[in-house]
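Engineer: Here it is, the structure in full.
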Amino acid sequence: SRCNKSFVSIIKHWVLLFFMKEVKIAKERIKKLFDLAEQEAKKENWKRSRRYVELARKIAMKFNISISKYKRKFCKKCNTFFTSKTLRVRIQKKDKRVTYTCLVCGNVQRYPYVREKLKTKKLKKGKN
């Protein structure tokens, strides 16, 4: 009984380590795929760029990894990586938000910019 418990705990530990290693590899792949998507978008190879974004999102979903730092770099509807040719950005002062419009599929994404303004104020205060 005692031996069984220690054996089970060792197995759980190894499984956890293996999973953590897989997550680390997945994060590296996601970063690499977004870098490749950006390069392909600059070359105007939209199909390949979309495929890289799609693969990165699938990996992130499989391993439940947040891709929040890449959140505003692609269209959530058609997976197009945003460049100056595929994106229109508008600031709506009245509603205090930033509007991203995908010029490929027409999808509109809105983000509040009050938080961003507060973050920059905090950063400026911290530097002084």
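Engineer: Here are labelled values, (i) 20.5, 68; (ii) 13.7, 44; (iii) 16.2, 53, and one is the computed Rg and Dmax of the Cα atoms in Å for what I pasted. Which one?
Structural biologist: (i)
Engineer: Here is a follow-up. I need the calculated FRET efficiency for the pair ILE91 and LYS69, taking r as the beta carbon distance and R₀ as 30 Å, to the nearest 0.05.
Structural biologist: So, using R0 = 30 Å, E works out to roughly 0.90.
Engineer: If the limit is 31 Å between Cα atoms, which of LYS31/LYS85; LYS47/LYS69; LYS24/LYS94; LYS76/LYS96; LYS24/LYS121 go over it?
Structural biologist: LYS24/LYS94; LYS24/LYS121
Engineer: In addition: Grab the Cα-Cα distance for PHE18 and LYS32, subtract it from 0.36 nm times how many residues apart they are, and report the gain in nm with one decimal.
Structural biologist: Separation in residues times 0.36 nm, less the Cα-Cα distance, equals 2.9 nm.
Engineer: Now for a separate question. Over the range 12-128, average the accessible area per residue using a 1.4 Å probe and give it in Å², no decimals.
Structural biologist: Here the per-residue accessible area is 77 Å².
Engineer: Additional query: Quick check: with the 1.4 Å probe, what order do TRP14, TRP46 take by accessible area, largest first?
Structural biologist: The residues order as TRP14, TRP46, largest area first.
Engineer: Given a Förster distance of 41 Å, report the FRET efficiency between LYS58 and LYS121 from their Cβ-Cβ distance, rounded to the nearest 0.05.
Structural biologist: Calculated value: 0.65.
Engineer: Please report the carbon-and-sulfur percent of the accessible area for the chain; probe 1.4 Å, protein heavy atoms only, DNA, RNA and ligands left out.
Structural biologist: That fraction is 56 percent.
Engineer: On to the next question. Which of ALA37, ALA26, ALA56 moves most in a GNM of the chain, Cα contacts under 10 Å?
Structural biologist: Taking springs between Cα atoms under 10 Å, the residue moving most is ALA26.
Engineer: How high is the FRET efficiency between THR83 and LYS47 when r is their beta carbon distance and R₀ equals 25 Å, given to the nearest 0.05?
Structural biologist: 0.95
The values are calculated or read from the model by the stated rules, or taken from the named source; none is laboratory data. Because the structure is a prediction, the values reported are computed rather than measured. Neighbour counts are summed over all protein chains in view; Cβ atoms, including those assigned to glycine, are modelled from backbone coordinates with ideal geometry. With ligands, DNA and RNA removed, areas are computed over all heavy atoms of the protein, side chains included. Shrake-Rupley method; radii C 1.70, N 1.55, O 1.52, S 1.80 Å.
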